[in-house]
Structures are given as C-alpha cells and as structure tokens.
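Structure record follows, encoded as structure tokens.
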Amino acid sequence: MKIDLHIHTTAYSKCSTMSPDELMMAARAAGLDGVCITEHDRIWTVQEARALAEKHGLPVFRGMEITTTGGDILVFGMEEEPNHMWTPADLKNRVNKAGGVAIAAHPFRGFLLFGFGALNMNVQDAIGNPTFLHVHGLEVCNSLVTSDENDLASQVADELGLLKTGGSDAHSPQAVGTCVTMFEEKINDEQDLVRALLGRRFTVERRK
C-alpha cells in the first residue's frame, strides 16, 4: 500500500497552497493508495478525515508535524495537540503513552547547504544530534531537501538502528507522492499504520 506520510493543506497549515480537494486529486493522479495529512501542530478530526476520504474514494490517515525545541517531528497515533513548544523528550513521552510513533522530519534540511561539508563532519558527527535519542525513526526521503541530505539521514538512521520513512512534505499538488512509504499490508487506520511502522513492514520509494 503506497502512502505519502507527510502532507500539508490549507485546512490547517498556513504555509500550504494546496486545498484538501486538490491534495486528493493529486494523490489519485500519482497512483497513491492513501495519504496521511500532517498539519503543523494540528490534527484533523476523525470526522474530517472520513468525510474527505469518502468524497474522493481514497483513504485519509491523520498525523501531525510538531514543532519542538529540537526540530520538527512527525507523529502518528497521537491525538494530543501541543499548547506550547515541547522538547523532543517531552514529545516522545507523550507519543509513547499514546502508543504512537515519532519520526524526525527532514532532519538535515539545509545542513549540507550551510556548511556541513566545510566543517569536515561525517556520519559519526551527525549521529550526535540529541533529538535522535527521542524518536523512533528519521524521514529519509523528503522532496523538499537535497539528495545528499536524504542520503545522510538514511546513513544516520542505519547507524542508530532507527526506522526510515518517506513522505513528500507536499505543500502543493505537484509534490504529492514524490516520496512515499510502501507498506506490505493494507492499512485501515492509524493503529494499523503505527503497527506497520514499528514492525518495519515497509520500504521507502522516491518518484523520479
């Protein structure tokens, strides 16, 4: 089951230019089997997601991209919205209590651009980010970062034994489905999504 795990719409993300209906039309055009909407610090209600899914005949799952003191973290399987900026440790505790999953979003976005190579740093240096102690995985395919930054995230995840997920981070229809997570089984709801992620029953693909 091919799902884009990282998407923003105009419903609750001011940075997006894509309406929910435009998202769903783009998802169908990209051949997706489902989408996961991850607005900034806000989660869609079950009713909202169900209505959109029924309107377009395509599954809609719910997550969030939460802004923390240690960077942006995608969460799945947690309903609680932040009322202030949490630390990654605070968020991980809440995610664990909810039985969810926390994934560091675009963990090296801009890192290489702003001098990673010039500093002569390597994967071992990159592993030292304290946020990585408080997530289950890293996003290793994001269409808004460079290939080198995605590759670095993948190498760090391998070194730390963390999950490796993919999501487009789409804010416009053109980006939908450019990075996806391919699940081995049918995903019916957020609980299935969490179980499949924690069970590592998936692969990551990028659309060329």
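Quick test of the membrane-span-like rule: which DSSP H helices of the chain reach at least 18 Å along their long axis (C-alpha atoms) with mean Kyte hydropathy at least -1.0? Kindly include the intermediate steps, with their values, before the conclusion.
Details: long enough: 147-160 (20 Å, -0.76).
Helix filter hits for the chain: 147-160.
For the chain, the share of DSSP beta bridges that are antiparallel, to the nearest 5, is 50%.
Using the count of nearby Cβ atoms within 10 Å as a rough guide to exposure, how do Ser16, Ser147, Ser154 rank from fewest to most? Walk me through the numbers on the way to the answer.
Values: Ser16 20, Ser147 10, Ser154 16.
Fewest-to-most Cβ neighbours within 10 Å comes out as Ser147, Ser154, Ser16.
Which entry is the computed Cα extents along the principal axes in Å for this structure: [x] 47, 39, 30; [y] 51, 38, 33; [z] 65, 38, 29? Identified label for the calculated read-out: [y]. Using 0.36 nm per residue and subtracting the Cα-Cα separation, the extra length available between Gln191 and Gln124 on full extension is 20.7 nm.
With K and R counted +1 and D and E -1, the other residues having a Cβ less than 10 Å from that of Gly167 yield a net charge of -4. If R0 is taken as 22 Å, the Cβ-Cβ distance between Ser19 and His40 corresponds to a FRET efficiency of 0.85.
Here's how it looks for Asp41: its modeled amide H is under 5 Å from those of Glu65, Ile66, Thr67, which are all 5 or more places away or on a different chain.
Taken together, the values in this text are just the output of simple stated rules run on the coordinates, not laboratory data. All of these numbers come straight from a predicted model, not from anything done at the bench. In this analysis, Cβ positions are derived from the backbone assuming ideal geometry, glycine residues included, and neighbour counts consider all displayed protein chains.
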